[in-house]
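Step one of this worksheet: look at the structure below.
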Amino acid sequence: MKTSKIEWTEATWNPSTGCNKVTAGCKHCYAETMAKRLKAMGAPGYENGFEFTLMPERLEMPLKIKRPTKFFVNSMSDLFHEEMPFEFLDRVFDVIRATPHHTYQILTKREKILESYCQTRTIPDNVWLGVTVEFQKAKKRIDILREIPAKIRFLSVEPLLEDLGDLDLKNIHWVIVGGESGPKARPMAPQWALKVMKQCDDQNVAFFFKQWGTWGDDGVRRSKKANGRILAGREWNEEPELELF
């Protein structure tokens with residue numbers, strides 16, 4: 001377990017590491033860059049760099065944490081990666097079921113594998129299940145997600161790469177929006193983020209604005225910290241209202 005600087009979670013838990021690029025949103029993957037850096041530093045668990053690797057020795061980490069914690073699962077991988085055995089996934093979800101005092105946020109770009117897994121398994125109530133929607137072609141992921149009986153379903157619209165157009169947010173409880181960071185970051189137009197925000201408001205969906213990233217709302221390149229998190233004059237830190245579900 002590692003305390004996280006990601007604004008919408010508290011800690012990360014990586015029972016597997018490594019991944020590979022599947023869409024345009026993966027082009028400048030922060031996890032790939034970090035994994036290579038950790039390998040060079042000799043950090044445990046990153047001997048294979050960014051190659052997909054199971055970490056069974058990390059499975060019991062949440063069991064040792066007594067304080068209720070919000071975990072982002074696999075910040076350095078995709079839990080539904082093509083090389084992930086369903087038997088190992090079952091072990092991950094066994095830990096989740098054994099720790100109902102924690103909340104687990106799981107995000108994937110591999111909606112078909114998610115769908116296949118969930119056809120024969122029940123998702124625990126302490127799981128928030130999400131898909132990444134970084135451009136219009138990825139909106140098909142929402143249709144699969146909304147049919148999975150998770151307690152909370154959410155979208156990560158990061159990095160937002162284009163105008164997403166109209167969004168059907170039926171059975172979606174939370175939307176996170178953010179721009180891209182890093183030396184090769186692609187700009188996010190303010191109107192794209194504002195359009196998502198308005199649609200969340202219209203459809204009664206919690207909205208969280210994570211960051212502008214490398215490019216500010218004025219189109220100027222700065223540090224991520226300098227650009228901040230202000231959209232339409234304020235910070236947006238909404239989360240799903242759990243008592244409603």
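The values are calculated or read from the model by the stated rules, or taken from the named source; none is laboratory data. Small disclaimer: the values here were computed from a predicted structure and weren't measured. All Cβ positions, even for glycine, are placed from backbone atoms using ideal geometry, and neighbour counts span all protein chains on display. With ligands, DNA and RNA removed, areas are computed over all heavy atoms of the protein, side chains included. Shrake-Rupley method; radii C 1.70, N 1.55, O 1.52, S 1.80 Å.
Here are the numbers for this structure:
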quantity	calculated
ILE123 vs. criteria within 22 Å of ASP94 (Cα to Cα) and either under 14 Å from the mean Cα position of the chain (by Cα) or not charged (D, E, K, R) (or both)	yes
Test for PRO62: is it in a helix (DSSP H, G or I) and of a type outside the set (A, V, I, L, M)	yes
Criterion (within 30 Å of HIS28 (Cβ to Cβ) and open to solvent by 10 Å² or more (accessible area, probe 1.4 Å)) met by exactly one of ARG110, ARG97	ARG110
Selection count, region 114-132, where residues are within 17 Å of ARG146 (Cβ to Cβ) and surrounded by 14 or more Cβ atoms within 10 Å (Cβ to Cβ)	11
Extreme residue, nearest to VAL205 (Cα to Cα), among residues of region 100-154 that are outside any helix (DSSP H, G or I) and among the aromatic types (Phe, Trp, Tyr)	PHE154
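Conditions tested, residue by residue: (1) over 30 Å from PHE135 (Cα atoms); (2) part of a helix (DSSP H, G or I).
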| residue | (1), (2) |
| --- | --- |
| TRP8 | no, no |
| ALA35 | no, yes |
| LYS39 | yes, yes |
| GLU47 | yes, no |
| GLU57 | yes, yes |
| PRO68 | yes, no |
| PHE71 | no, no |
| ASP94 | yes, yes |
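Listed here are the residues, each with its yes/no results for (1) open to solvent by 10 Å² or more (accessible area, probe 1.4 Å); (2) of a type in the set (A, V, I, L, M, F, W, C); (3) without any contact (Cβ under 8 Å) to a residue 60 or more places away in the chain.
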position	(1), (2), (3)
GLU134	no, no, no
ASP143	yes, no, yes
PRO149	yes, no, yes
ASN171	yes, no, yes
ILE176	no, yes, no
